[in-house]
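Reading through the C-alpha cells given below for one structure.
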Amino acid sequence: MLISRPKEITSWLKHYIGEVPDESLIDGLKRQTQASLEFFSSLTDEQLDHRYAEGKWSIREILVHLIDSERVFSYRALRFSRRDTTELPGYDENWYIPNSNADARSAKSLIEEYIVVRTATVALFSNLTDEMLDFVGTANGGRMSARELGFATLGHEMHHIRIIRERYLI
C-alpha cells in the first residue's frame, strides 16, 4: 500500500515532516533504514562517544534517542489508528537519555535494537489503512494523526543525522 504524505500538517511535528522528501512512508522507512545502518556502522567508537560541546549528547545517546522516539511515535500511532481518544502524555527525552546507559553500550547492541524497532515500525505502518492513518488523537497537548507520526519518524531521524554530520563529524 502506498502511504502518502499528510495533506495537512497541523501538529508540532510539521518541522520534522517538512524534512521528508515526497515518497511513500514505507519506501522512506526502508530507504532510511539502509542509509542509517550504513552511517552508524561506519562510525568508530571514538566518534560514537564524541560530544561537540559540554552538556551535549554523544552520538550513542542520539542513536538511543532515535530508538526511544520511534517507539513513542509508533505507540502513539497505534493508539490513534485504533481510535483511542485517550489523551496521551508527552515524554521528556532529557530525562530518558541520562537513564538509558547509552554510553556503556556497544555499537553492535545499539544497531541491533535500531533494526528491531524499525522492523516493528515498518510492520505497524504497513498494515494501517488510510482511514486508520488519518484518525487524529492528542499527545503532549497537541493533535496529530497516525500518518503524521509515521512521517515525523522519518523527519526526526533525518534532522538528527544532519546535526551529527554538521556538528559532530567536522
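Of Leu128, Leu154, Leu149, Leu133, which residue is touching a strand residue (DSSP E or B) at 6+ places or on another chain (Cβ under 7 Å) and either open to solvent by less than 30 Å² (accessible area, probe 1.4 Å) or free of Cβ contacts under 8 Å to residues at least 12 places away in the same chain (or both)?
Answer to the selection: Leu133.
Report yes if Asp68 is out of contact with any strand residue (DSSP E or B) (no Cβ under 6 Å at 6 or more places or on another chain), among the acidic types (Asp, Glu) and closer than 21 Å to Ala146 by Cβ, otherwise no. Before the answer, list the steps.
Numbers: out of contact with any strand residue (DSSP E or B) (no Cβ under 6 Å at 6 or more places or on another chain): yes; among the acidic types (Asp, Glu): yes; closer than 21 Å to Ala146 by Cβ: yes.
Here the answer is yes, as Asp68 does meet what is asked.
The values are calculated or read from the model by the stated rules, or taken from the named source; none is laboratory data. Keep in mind that what you see is a predicted model, and the values were worked out from it rather than measured. Glycine gets a Cβ as well: all are built from the backbone with ideal geometry, and neighbour counts include every protein chain shown. Ligands, DNA and RNA are excluded from the accessible area calculation, which covers all protein heavy atoms including side chains. Shrake-Rupley method; radii C 1.70, N 1.55, O 1.52, S 1.80 Å.
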